[in-house]
């Protein structure tokens, strides 16, 4: 039997931090994160959480608050990493990351309360071994201290960047993803997880359910987002499907059209010569519906910058007249200018 499993349930030791809880953790691109206590600087180090947020979402995170949508067939897969790049070997005090599986999306880093996960440039890394973390026997007393410290860390502010937003970072993301053998549900899972860490509620359709077409529903009250996720080359089916989705939410669930914000998420933006961009403009001009277009790379860059992207305030509308989402990204990234990415169409389509 393999000694590797996703999460330890019976822990021999538990991590106790020997310093106060920081108010802020500063993330440095491709370097371990740091924080300051009473003028002393420390490197963020893994404490081996009893409930590791870097590996699992809590059940209450995988649902919506809108009671009208309780019948939606939800996929309850609680994995933070849809590629299972985080593992925890039995007997080890902390988890590790399998470099070959990690695509550097940064989702796990956004989930770590103490910022102990950083990027090497090609993979996430869990920093361990600092002296201010002491692993003690998992007695009830030590577990109580550990849980209290983890609760306090949830209020910690995170600033800085997991990765620089540049062509090299995006190239690593897409190159490593191309090497992976992914399952059919992977696009929906990673998009769901990205919307979650960016400050929204989000659910996805249960795998194999052929009676419900909506890929994802995103909630940021009072706005209900609906998403079609397409990582293949089909660019005209998603606009048709998104109109079906809006009709279903309105007719079956009583959600007014003005409260629905539609998104289409691609791996990369469709080529400018495709009909997609004209269709999006037609939908806006005739139906007065703005369909927002996103890419996996754009969602990851927002994650790398520790930005929040509540769907009620984002604007990623682009059409044949303005085929770019760079401005929407820059607004959320605190003025950081998005670079021109020539090898991948993450902010603007290929000509």
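Every number here is computed from the coordinates shown, using simple stated rules; none is lab data. Worth saying up front: this structure is predicted, and the values here are computed from it rather than measured. As a convention, Cβ positions derive from the backbone with ideal geometry for all residues, glycine included, and neighbour counts pool all protein chains shown.
Structure values in brief
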| quantity | calculated |
| --- | --- |
| The chain: antiparallel DSSP beta bridges as a percent of all, rounded to 5 | 65 |
| Gaussian network model of the chain, Cα within-10 Å springs - most flexible of 160, 48, 39 | 39 |
| Values of log10 I(q)/I(0), in the order q = 0.09, 0.13 Å⁻¹, for the chain under a Debye, Cα-only, solvent-free model | -0.51, -1.02 |
| When the stretch 304-350 is reduced to its Cα atoms, the Kirkwood hydrodynamic radius in Å | 11.5 |
| Estimated [θ] at 222 nm from DSSP helical runs (n ≥ 4, -39500 (n - 2.57)) normalised by residues in the chain, nearest 500 | -7500 deg cm²/dmol |
| Relative contact order %, the stretch 183-332, counting alpha carbon pairs below 8 Å whose residues are six or more apart | 23 |
| Residue order, fewest to most beta carbons within 10 Å, for 241, 120, 44 | 120, 241, 44 |
| Computed P(r) (all Cα pairs; the stretch 20-93; 10 Å bins; percent) | 14, 30, 31, 19, 6, 0 |
| Spherically averaged projected area of the stretch 183-332 from its Cα convex hull (nm²) | 8.5 |
| Relative contact order of the chain, defined on C-alpha pairs under 8 angstrom at six or more residues apart (%) | 18 |
| Per-residue Cβ neighbour rank within 10 angstrom, fewest leading, 205, 192 | 205, 192 |
